[in-house]
Structures are given as structure tokens and as C-alpha cells.
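Comments concern the structure below.
Just so it is clear, none of the values below were taken in a lab; they were calculated from the coordinates. Note that the coordinates shown come from a computational prediction; the quantities given were computed from them, not determined experimentally. Backbone-built Cβ (ideal geometry, glycine too); neighbour counts: all protein chains shown.
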Amino acid sequence: MTLRDELAAIWAELLGLPPGEIPDDVSFLRLGGDSVLAVRMSALVRKRLAVVLALSDVRVETTLGELADLVGRRTSDEPMAKALPITVTRRSDPHAEFPLLPLQQGYFVGQQDGWELSYESAHYYLDYALTGVDGDEAADALTDAVERLAVHQPTLRARVTSDGRQHVLPVGTPGAVPGVRVYDLREESDERITKALEQVRGEMSRNGPDPTRGPGLDIRLTLLPEGEGRLHLGLSLLLFDGWSSSVLSRDLLTFVADWNAVPAPLEVGFGDYVTSLAELPATEAWRADRDWWWSRMDSLPLPPALPLAADPHDVRPVTMANREHRWSAARWAALRQECTRRGVTPSTAMLTAFGVVLARWSGHRRMLLNSLQLNRLPLHPDVQRIVGAFAATMLLPLEFARSVSFAELAVAAQTVSGEHAAHNLVTGVEVGRELARRRGSWRPVGPVVFQSVLGVDAAMGGRPPEDAGPLGKVVAADYFHQLRTPQVAIEVRCFELGDEMVAVFSLVAELFEPDQVEAAFAEFVALVDGLADGPGWDLVPDLPEEADLGEVAALRLGRLPEVAVRHADGPPADELEQTVAEVFEELLEVPVLDRGADFFGLGGDSLLAVRVVVRLGKECDVSLPVRNFLSDATVAGVAAAVRSLAGVAR
């Protein structure tokens with residue numbers, strides 16, 4: 001078999017096409033592929049041909065002929081454009097601590113009430129229906145499956161320390177494995193069942209699993225009359241990303257359905273992967289990506305200036321509100337067909353529709369969005385099978401031109417998104433920290449988020465299993481979900497549900513006027529409907545004249561006042577300020593001689609801020625809230641906050 005034939009076989013497997021019908025000169029996208037399938041394609045090329053492809057090598061616009069030429073040159077020892085000389089191997093001590101990745105750090109700090117729009121737990125809650133449940137066997141089968149899954153996927157036994165590191169507990173450690181809680185409502189009335197389900201959902205939505213205190217996974221089973229039931233899952237975002245939740249669910253249902261199921265063992269784990277990334281900043285590829293982002297930093301726009309009903313600093317949300325719409329199988333198929341015809345991915349179409357809505361809502365066309373990315377670097381063949389918090393954010397600047405069609409806007413958005421995604425070795429959290437430092441801001445730089453996992457099922461080899469043995473059959477379309485993500489004002493999430501497509505607006509309801517949210521979501525749905533119909537692509541959206549919004553008096557997202565803090569320069573003024581300066585010095589490894597020195601200006605970040613707070617708590621016998629630290633992170637400001645708390649304590 002030739003190299004071209006082997007690549008055609010991979011494309012055929014991913015796209016569901018006969019290998020002989022794949023031409024050399026038609027793009028992966030035109031044949032039905034998308035960006036998620038492109039990541040899977042890269043993994044299969046590595047596994048079967050032992051050729052590592054960078055994200056920039058496998059864009060959806062690539063043709064089979066172009067890919068064959070590229071892989072041929074790689075096999076001829078041509079150096080990669082973005083070589084990563086990193087090898088993932090098993091650590092000598094699988095239970096040793098290892099760092100949090102940047103997005104994990106953001107969630108961790110958010111759980112300390114460090115940011116605006118923080119929650120006690122950053123987590124996702126989901127429950128879905130079951131039919132044909134064996135009420136006598138289901139609980140035992142689920143408990144056994146969780147125990148076996150925790151052996152196969154060590155992240156189920158992971159914990160996070162108070163100073164922001166993570167480790168995996170050994171198998172057999174008491175409390176290491178999440179316990180299964182069962183509610184037997186088979187003999188209860190409809191009224192009692194409704195009330196009990198509302199209570200469980202409320203509790204699991206508001207009080208998520210917290211790996212700083214116990215397992216990061218909460219699993220519960222409700223048994224209902226006539227062989228029905230519901231499976232409840234609470235997943236900490238500190239430990240599980242979207243791809244991992246799918247892997248976890250598939251593995252769990254496989255174990256439940258078959259007492260004898262034995263998946264292929266994982267050669268490496270999440271801790272091994274994260275530990276290997278310590279070598280990343282020393283690579284030429286990482287430095288190139290950093291320089292690329294840093295050179296563009298000062299030209300990045302502000303987030304959409306959405307009108308606000310309240311200052312995020314004054315809001316203490318409990319959960320995020322949802323607006324949701326499903327497109328039928330026929331409508332979703334029509335949209336995919338139109339996207340292929342127009343040369344853009346469905347994710348790009350949804351991103352563009354969201355951007356158009358934001359532009360009209362905010363009154364300007366140039367904006368900075370935050371996009372959630374899978375970000376599983378192809379460092380080992382098992383990376384796609386591991387459960388862990390691999391995900392990263394990517395800051396995405398968009399500018400929508402006036403007087404052009406939606407199709408042209410979408411093509412431009414896809415080009416910009418692809419260009420920025422090709423520089424993914426430096427994550428959005430890291431870029432955001434530098435951007436906030438340069439702007440002198442303590443507010444979130446990317447509070448408006450776009451997330452799409454359209455195509456994940458195909459990338460994973462098909463839909464999740466429906467047969468769950470004693471748990472019966474999974475009815476995925478009958479579900480309830482809730483999200484709590486720190487630093488996010490509004491987020492759109494797009495995903496597939498069987499043959500259907502779903503889009504959800506998740507937002508902090510206290511920030512926005514309800515009628516504006518309803519209007520924006522209705523407009524978004526109408527835009528996507530027009531794309532599925534076809535004519536919507538050729539329409540010219542009515543966009544604001546202004547590219548950027550000028551000075552505004554009303555509350556607007558991204559245009560909110562910053563607290564100006566200024567302390568007299570000079571050495572620490574007293575013993576407490578000297579203590580704060582010494583703690584800064586120890587953790588930052590730089591001299592701190594000025595009481596007006598700012599922690600972040602000295603090179604600190606939010607995770608190190610938590611460690612300072614922990615250390616000061618021991619040194620000064622006070623419990624300093626992380627938010628108080630971040631509001632004035634100078635030596636003098638932190639000392640004043642400690643002094644105030646100490647006075648209250650006395």
C-alpha cells in the first residue's frame with residue numbers, strides 16, 4: 001500500500017467514505033471533515049505512520065494530495081515546522097505531585113473567590129434518563145464500574161492541594177474512589193419524585209465536587225418506577241475537560257454493561273503528560289509562539305461592550321442561567337451540507353453567528369472573544385484516551401466587516417481562528433495574564449466565551465454506547481445540565497446530541513437585562529436557521545458603523561472602571577510590610593525593596609497569589625481572601641488588608 005493509499009484509508013475511516021472516492025485535490029473540509037476530526041486525523045497518522053504532525057499542518061483546508069506530500073517529506077527526515085522534542089514517559093513515582101495547567105490554575109483561583117464571577121466549585125452537572133433499568137442489579141453494577149474505572153483512569157483518584165498542585169492517590173486509599181449514592185424512588189408518587197429530582201439537581205448544581213476536599217467526580221443514581229431511572233454526574237472542571245467527560249462516560253458505560261470488560265491499558269497518565277510539559281518553554285517552538293502572541297498583544301481589542309445591569313464586582317452568582325435550542329436531525333444535516341458547500345466548518349458558522357449577535361448587541365464590530373480548545377498535544381499515542389484537564393483557552397480577536405455577506409464573514413473568521421490556533425503552545429490564560437498586566441487591569445480580559453465540540457463523536461469513533469447493561473438504555477436526549485465557570489459573563493456552547501445539534505447560552509443572569517438576553521438568543525437561532533435554509537449565507541448582516549466603541553457612561557462589559565491604587569514609594573514602612581515583602585521575594589525569587597511594588601508587575605500570577613495568601617495566613621495568623629489580595633496586590637496594599645483583618649479578628 002502506498003503512502004497516499006494509507007492516508008486515504010485514514011480519511012475514509014474518519015469521513016465514512018470509500019477510499020477510492022477520495023480525490024487528491026478536494027479539501028478535508030469539503031469532504032465533510034471539521035477541525036475536531038482533523039485532530040483525530042493527526043493522531044491516526046502518528047499511530048499508523050509514526051509521523052508527528054503539528055496543528056498548523058492539519059488544517060481543514062488541506063487536501064489529500066497536500067497531506068501526502070507533507071507526510072512524505074516528514075518521512076524523509078525534513079524537520080517539522082514546529083518540532084516538539086518532548087517525550088512523555090511514566091514517572092518513577094505515579095503519586096508524586098505535579099503542577100496545574102494554566103486553565104486549571106484559573107479554575108483553582110476562582111474557587112478561592114479570587115475573581116469576579118467566582119464560585120465555590122467550578123463544575124459541570126448533568127443527568128440523563130435511563131429505561132429498562134434492573135433495579136436489583138444497577139447500583140452494584142455502577143459501583144463496580146466506578147471502582148474499575150478509577151484503576152484504569154487515575155484522574156478519578158486525583159486531588160488538588162491547598163497551594164495549587166495535584167497528585168493521584170494510590171488504589172486502595174480510603175476515600176480515593178468516588179462513592180455512588182442511590183435514591184430508590186420506585187415506590188414513590190409522581191409528586192414526590194418531581195420534588196426529589198429538583199432537590200438532587202439543585203444540590204448538585206450548587207455544590208459541585210471539589211478535589212481540594214475529596215473526589216472530583218460525584219456519581220448518583222435515581223431508581224424510578226417501571227424500570228426507569230436517571231444517572232447524575234457532577235464533574236469538577238479542575239480535573240475533567242469536555243473531551244475527558246466523553247471518554248469517562250464511554251468507559252463507565254462499557255464497564256457497567258460488561259463485568260468482564262478490559263480496555264487496552266494506558267501507557268502514560270495525565271500526570272506524565274503534564275510533567276513532560278515542563279520542557280516546553282525551552283523549545284524553539286514555544287518561544288516562537290510566545291513571540292507571536294506578545295508582538296500582537298498591544299493591538300488586541302477589548303471584549304464586546306455588552307450593556308450590563310450590574311457591575312460584575314458586585315455580583316455573587318450561584319449558578320449560570322441557560323437558554324437552549326435544538327435543531328432537528330434534518331436541520332442539522334442541512335446546515336452541515338451548506339457549511340461544506342461554503343467551505344467553512346459548522347463550528348465556524350456558529351462562531352460567526354455568535355459574533356454577529358454580539359456586534360449588534362454591543363454596538364461595535366471589533367472584539368476579543370475567549371475560545372475553549374481541546375489542546376491535547378500529540379506527544380503520545382494514548383493522549384486522546386486519557387481523562388484529565390487538558391483543555392486550554394485561546395484569545396480570538398475578530399473584526400466583522402460591513403457590507404459583506406455572512407459567508408464572507410465566516411470565511412474571514414475561519415482564517416483568523418486557524419491562524420491563532422496554530423500558535424497554541426502558549427495558552428489563552430498565559431496570554432490573558434500578560435494582557436492584564438500591560439493594561440493594568442484586575443478584571444477578566446476574556447469574559448465572553450465560545451465553545452464548540454461539534455464533531456467530537458465522529459472523532460471518537462462514533463456515538464457513545466446506549467446499552468448500559470443493568471442500567472438499561474441511555475436516553476441522552478432527555479437530560480438536564482448546569483455549568484459554573486469562573487470569570488465568564490456569557491458563553492455559547494455547541495454540541496451534538498445523537499442526530500441533532502444543540503446550542504446553549506450560559507450566562508450570569510444578574511449581569512444582563514432579561515429582554516436583551518432573550519432578543520440576542522432569538523436572533524442567534526434565527527441566523528442559524530437562515531444558514532440551514534441556505535439564503536442566510538448570502539445576506540449582508542446589518543452591523544454597527546463603529547469598529548470600536550468609544551467612551552461610555554453606562555455600565556458596559558470590558559469598559560468598567562478600574563480601582564486606581566497608589567502607595568508612597570519607599571522601603572517597607574513597618575514589620576508587617578517587611579513580612580509581606582519577604583514572602584513576595586521567596587515565591588517570586590526577585591528582590592522586593594519598594595512598598596509600592598505590585599505582585600503581578602514583579603512577575604507573579606494568580607496561582608502564586610494563592611500561595612502567598614496561604615503563606616501569609618501561617619505567618620500572620622489571618623485568613624486573607626484571595627479577592628482582597630488581588631484588589632491591591634502591592635506590598636503596602638496586602639499589608640493593609642492583613643492589618644484590617646487582624647484588627648477585626650482581635
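Computed values, structure above
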{"item": "Estimated distance in nm for a label pair at VAL416 and ASP499, the labels positioned 7 Å out from Cα along Cα-to-Cβ", "result": "3.7"}
{"item": "Footprinting exposure proxy for SER249, SER35 (fewest neighbouring C-beta atoms within 10 Å first)", "result": "SER249, SER35"}
{"item": "Estimated 222 nm signal from helices in the chain, with DSSP H stretches of n ≥ 4 weighted -39500 (n - 2.57), rounded to 500", "result": "-12500 deg cm²/dmol"}
{"item": "Karplus 3J(HN,Hα) series, Hz, for the stretch 585-597 with 6.51 cos²θ - 1.76 cosθ + 1.60 (x for Gly, Pro)", "result": "4, 5, 7, 8, 6, 9, x, 10, 10, 10, 5, x, 5"}
{"item": "Residues of type aspartates and glutamates that LYS47 reaches as a straight line, Cα spacing below 15 Å, ignoring anything fewer than 8 places off in the same chain", "result": "GLU6, GLU13, GLU267, ASP382"}
{"item": "Dipole axis of the stretch 98-261 (+1 Lys, Arg; -1 Asp, Glu on Cβ), positive-most option in ALA139, ILE193, GLY110", "result": "GLY110"}
{"item": "Gain upon complete extension [ALA9, HIS167; 0.36 nm per residue less C-alpha separation]", "result": "52.9 nm"}
{"item": "Positive-end extreme of charge dipole, the chain - chosen from GLY603, THR485, GLY234 (charges on Cβ)", "result": "GLY603"}
{"item": "Given the chain, longest segment not containing exposed loop GluC sites (Glu not before Pro) (DSSP; at most 11 other Cβ within 10 Å)", "result": "188-544"}
{"item": "Interchain or long-range residues, amide H under 5 Å from LEU543's placed H", "result": "SER403"}
{"item": "Neighbour-count order for LYS473, LYS618, fewest beta carbons within 10 angstrom listed first", "result": "LYS618, LYS473"}
{"item": "Relative contact order of the chain, defined on C-alpha pairs under 8 angstrom at six or more residues apart (%)", "result": "19"}
{"item": "Backbone HN-Hα couplings from phi across the stretch 234-244 [Karplus 6.51/-1.76/1.60, Hz, Gly and Pro as x]", "result": "x, 10, 6, 5, 5, 10, 10, 9, x, 4, 5"}
{"item": "Residue order, fewest to most beta carbons within 10 Å, for ASP598, ASP542", "result": "ASP542, ASP598"}
{"item": "Pair THR131, GLU97: separation of 7 Å Cα→Cβ label points (nm)", "result": "5.1"}
{"item": "Proximal aspartates and glutamates relative to LYS473, as straight alpha-carbon distance under 12 Å, when same-chain residues fewer than 8 apart are discounted", "result": "ASP134, GLU228"}
{"item": "Dipole magnitude of the chain, debye to nearest 20 (Cβ charges: Lys/Arg +1, Asp/Glu -1, about Cα centre)", "result": "680"}
{"item": "Fully extended contour minus Cα-Cα distance, from ARG463 to THR283, at 0.36 nm per residue", "result": "61.0 nm"}
{"item": "Rounded to 5, the percent of DSSP beta bridges in the stretch 98-261 classed as antiparallel", "result": "80"}
{"item": "Distance between modelled label sites at LEU49 and ASP184, nm, 7 Å Cα→Cβ extension", "result": "5.7"}
